[in-house]
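What follows is a short report on a single structure.
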Amino acid sequence: MSNDGDLFEAMLLAEAKLELEKITKDAKRLLKEKVQTEVYSSYSPTSYTRTNDLINSVTSTVSETEGLVFFDESSIGHTSAVTGDKVGMYTPKFLDGGHSDGKGSGMYHEYPERNFIDKTIVELEAIYGKNCVEKIDN
């Protein structure tokens, strides 16, 4: 009897992992689409050369129990035009949620919010149902 139960459990876990892989793949694709639409297609830079680091940093992993889609900050090589400091780790957050350093106006000091993460979540929930995804802000 336990063999049937073990087999059923293994089948359920395999099916769940396939679903996780599908959702994670869709989440990665949708996030890249939203970055393209909300960031790259919204303006053309005039004072710097676009690197595409942000969109190229979108990556994913899938384990037995969860799928993660995130920006690999080590792939974002942005430096501050004001200070020269490495700021790649802040780029996704500043572009998504907006930012103002209070030291002036223009693209080096203010960034309008783009909300590409929340727009991705809304689209995923429309496909897979409410609370199918969790936003982790770290």
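Rule-based calculations on the coordinates, nothing more; no lab input. Keep in mind the model is a prediction, meaning the values are calculated, not measured. Backbone-built Cβ (ideal geometry, glycine too); neighbour counts: all protein chains shown.
The figures follow:
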item: Theoretical gain in end-to-end length, Glu21 to Ser42 [0.36 nm per residue, Cα-Cα removed]; result: 4.5 nm
item: Rounded Å value of the spacing that divides the Cα centres of region 76-91 and region 33-61; result: 15 Å
item: Fluctuation leader among Asp101, Asp118, Asp72 - the chain, Gaussian network, Cα springs under 10 angstrom; result: Asp101
item: Under 5 Å, built H, 5+ apart or other chain: amide partners of Val58; result: Asp72
item: Debye log10 I(q)/I(0) for the chain, one point scatterer per Cα, at q = 0.09, 0.10, 0.11 Å⁻¹; result: -0.36, -0.43, -0.50
item: Computed FRET value (nearest 0.05) for Asn52 with Val122, which takes r as the C-beta separation and R₀ as 25 Å; result: 0.55
item: Spatially close lysines, pair count over region 2-128: Cα under 28 Å, gap of eight or more or interchain; result: 25
item: 0 to 90° range, to nearest 10: angle between helix 116-128 axis and the chain longest Cα axis; result: 20 degrees
item: Neighbour count of at most 15 Cβ within 10 Å plus DSSP loop: longest trypsin sites (Lys or Arg not before Pro)-free window in the chain; result: 51-102
item: Degrees separating the helix 2-35 axis from the principal Cα axis of the chain, which is the longest one; result: 20 degrees
item: Distance (nanometres) between label positions extended 7 Å along Cα→Cβ at Arg29 and Asn115; result: 2.5 nm
item: Residue of Thr46, Thr24, Thr91 that the Gaussian network model of the chain assigns the largest fluctuation, springs spanning Cα pairs under 10 Å; result: Thr46
item: Taking the C-alpha atoms of region 67-138, convex hull volume expressed per residue in Å³; result: 101 Å³
